[in-house]
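**Q** Pasting a structure below so you can have a look.
The values are calculated or read from the model by the stated rules, or taken from the named source; none is laboratory data. In this text, all values refer to a predicted model and were calculated from it rather than measured experimentally. Here the Cβ positions follow ideal geometry from the backbone for every residue, glycine too, while neighbour counts run over all protein chains shown. Protein only, heavy atoms only, side chains kept; ligands, DNA and RNA dropped before computing areas. Shrake-Rupley method; radii C 1.70, N 1.55, O 1.52, S 1.80 Å.
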Amino acid sequence: MTATKASLLLTYVCACLYLGLLSESGMAERLRLEKELITLNAEVERLLVENQGLEEKERRLKNDAYALEQEARKYYLLSETAHVLKFEEFPEKTVTKPKAIPASIRAAGFGGEWKEPPLFLLRFFFISFSVFLILGVYYKLKRLPHMSNQKRLN
């Protein structure tokens with residue numbers, strides 16, 4: 001096999017590995033997106049539970065004067081003899097609540113798991129390694145003497 005053919009074959013193998021593992025649609029990107037999806041689903045579930053609790057608390061405080069007084073005493077350090085007045089709100093002046101933006105994926109944390117390096121760093125090192133490997137194979141095979149016998153047998 002000539003040096004050119006071996007280098008081209010090695011280039012083909014490296015390109016296939018890159019496309020299968022490290023490209024935008026490769027396995028590494030898919031695994032990263034699956035982890036991100038799991039983290040986001042957990043964050044959504046946590047926010048749904050928190051939202052249900054807050055909605056229940058809001059309904060309870062709107063309808064129950066005793067619960068409103070207890071809450072006011074707890075947060076505003078009111079004494080037992082203090083009275084809490086609740087003013088009615090007009091429905092047309094209600095403000096829509098902004099949607100909660102989930103924390104970043106890294107803020108959610110992965111526990112004690114091993115953190116993999118960023119994908120761009122893996123791509124850089126793979127491409128660098130591949131280029132040096134291909135050039136090394138090419139120059140090494142170029143320096144070797146030809147093994148084939150040039151004489152033709154008749």
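**Q** Taking only pairs six or more apart or across chains, which ones have beta-carbon atoms under 8 Å, a first residue in the range 26-50 that is free of Cβ contacts under 8 Å to residues at least 12 places away in the same chain and under 30 Å from Cys16 (Cβ atoms), and a second residue that is in a helix (DSSP H, G or I) and open to solvent by 100 Å² or more (accessible area, probe 1.4 Å)?
**A** From residues that are free of Cβ contacts under 8 Å to residues at least 12 places away in the same chain and under 30 Å from Cys16 (Cβ atoms), the pairs are Gly26/Leu19.
**Q** I'd like to verify a number: residues in the range 25-55 that are modelled with pLDDT under 90 and either exposed (fewer than 11 other Cβ atoms within 10 Å of the Cβ) or acidic (Asp, Glu) (or both), how many?
**A** Looking only at that region, the number is 2.
**Q** Follow-up. In the range 35-50, what count of residues is obtained for those that are of a type in the set (Asp, Glu) and under 8 Å from the mean Cα position of the chain (by Cα)? First the steps, then the outcome.
**A** Residues of the range 35-50 that are of a type in the set (Asp, Glu), as a first pass: 36, 43, 45, 50.
Filter once more, so that each one left must be under 8 Å from the mean Cα position of the chain (by Cα): 36.
Final tally of qualifying residues: 1.
**Q** Say we look at the range 1-24 and pick out the residues that are assigned to a helix (DSSP H, G or I) and among the hydroxyl-bearing types (Ser, Thr, Tyr); which of these is least open to solvent (accessible area, probe 1.4 Å)?
**A** Let us first name the residues in the range 1-24 that are assigned to a helix (DSSP H, G or I), namely 3-22.
Those left that are additionally among the hydroxyl-bearing types (Ser, Thr, Tyr): 4, 7, 11-12, 18.
Values: Thr4: 71, Ser7: 11, Thr11: 58, Tyr12: 147, Tyr18: 59 Å².
Selected residue: Ser7.
**Q** For Asn63, are the conditions met, namely being over 22 Å from Leu119 (Cβ atoms) and surrounded by fewer than 11 Cβ atoms within 10 Å (Cβ to Cβ)? Let's see the steps before the verdict.
**A** Numbers: over 22 Å from Leu119 (Cβ atoms): yes; surrounded by fewer than 11 Cβ atoms within 10 Å (Cβ to Cβ): yes.
For Asn63, the condition - over 22 Å from Leu119 (Cβ atoms) and surrounded by fewer than 11 Cβ atoms within 10 Å (Cβ to Cβ) - is met.
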